[in-house]
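Reading through the structure tokens given below for one structure.
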Amino acid sequence: MVAKRMNDTFQEELDAMKAEHRRLDEEILALSEEPLTDQLEIARLKRRKLMLKDTIQQMLDHHTPDIIA
């Protein structure tokens, strides 16, 4: 029961991070299409998106058991 709850919480956190990653991607795309854009803001969003991607991957790596071949 506790393991299922932890797994559900993990999945909810992962889904929220993936949604935030997609939102950042859309925001970056929208800003990039504007003629007068703040390049510093785009760089900040890209950095945030990359950090989020790394966090998602670390969570997945931590949650996936090691397979000894």
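Can you compute the helix-only [θ] at 222 nm over the chain? Use -39500 (n - 2.57) per DSSP H run of at least 4 residues, normalise by all residues, nearest 500 deg cm²/dmol.
-29500 deg cm²/dmol
Radius of gyration and Dmax for the chain's Cα atoms, expressed in Å?
16.3, 54
Rounded to the nearest whole Å², what accessible area per residue is found for the chain with the 1.4 Å probe?
That works out to 85 Å² for each residue.
For the chain, with only Lys/Arg (+1) and Asp/Glu (-1) charged at the beta-carbon, what is the dipole magnitude about the Cα centre, in debye rounded to 20?
Here the chain has a charge dipole of around 180 debye.
Would you mind telling me the share, in percent, of accessible area of the chain contributed by carbon and sulfur at probe 1.4 angstrom?
57 percent
The values are calculated or read from the model by the stated rules, or taken from the named source; none is laboratory data. Model, not experiment: these values are computed from the prediction. Here Cβ is always computed from backbone atoms with ideal geometry, including for glycine, and neighbour counts include all displayed protein chains. To get the accessible areas, we keep the full protein, side chains included, count just its heavy atoms, and leave off ligands, DNA and RNA. Shrake-Rupley method; radii C 1.70, N 1.55, O 1.52, S 1.80 Å.
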